[in-house]
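Asker: This is the structure I have questions about; it appears just below.
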Amino acid sequence: MLVGPIYLMMEYPMGVGPIILLFTFLFIVYIFLFTYYEVDDGVLRIKSGFLINRSIQINTITKIEATNNPISAPATSLDRLEIFYNTYESVIISPKEKRGFIAHLKQLNPKILDSTGL
């Protein structure tokens, strides 16, 4: 997949612009492929490439809201959930199956307030 564009860049040098664009594209693809969420042993683990590796105790989650906030977050779509935990902390994620994800978290912590309307 990458051999063709790299060969063309070497055969017809145009400067560093196309190389920068290629690496930017590969970085974005990498982040999309390696963003995931795990629930295990009472902990929600959020992983997004090598940039974000966060663990949240599920018993500290207080509320979940639906959001379309475009702020940078470990979320691969704009159809997102904002998870509030501890006192003033929150994280924005976008699990594929939102209803099932919320139901699983509420099963582990029934005190979670679901303000998503899903």
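Asker: Tell me which of these residue 37 doesn't satisfy, since it passes every other one: (1) touching a Pro at 6+ places or on another chain (Cβ under 6 Å); (2) without any contact (Cβ under 8 Å) to a residue 60 or more places away in the chain; (3) of a type in the set (Phe, Trp, Tyr).
Answerer: Result: residue 37 fails condition (2) only.
Asker: Among the residues that make up segment 68-84, is at least one of them over 18 Å from residue 32 (Cβ atoms) and of a type in the set (Gly, Ala, Ser)?
Answerer: no
Asker: Looking at residue 25, is it part of a helix (DSSP H, G or I) and within 13 Å of the chain's Cα centre (by Cα)?
Answerer: No; evaluated as a whole, the condition is false for this residue.
Asker: Got at least one residue in segment 99-108 being among the β-branched types (Val, Ile, Thr), surrounded by fewer than 18 Cβ atoms within 10 Å (Cβ to Cβ) and within 24 Å of residue 34 (Cα to Cα)?
Answerer: No, there is no match, as no residue in segment 99-108 is among the β-branched types (Val, Ile, Thr), surrounded by fewer than 18 Cβ atoms within 10 Å (Cβ to Cβ) and within 24 Å of residue 34 (Cα to Cα).
All of the numbers you see were taken from the coordinates with simple rules; none came from a lab. From a predicted model like this one, the values you see are computed outputs, not experimental measurements. Backbone-built Cβ (ideal geometry, glycine too); neighbour counts: all protein chains shown.
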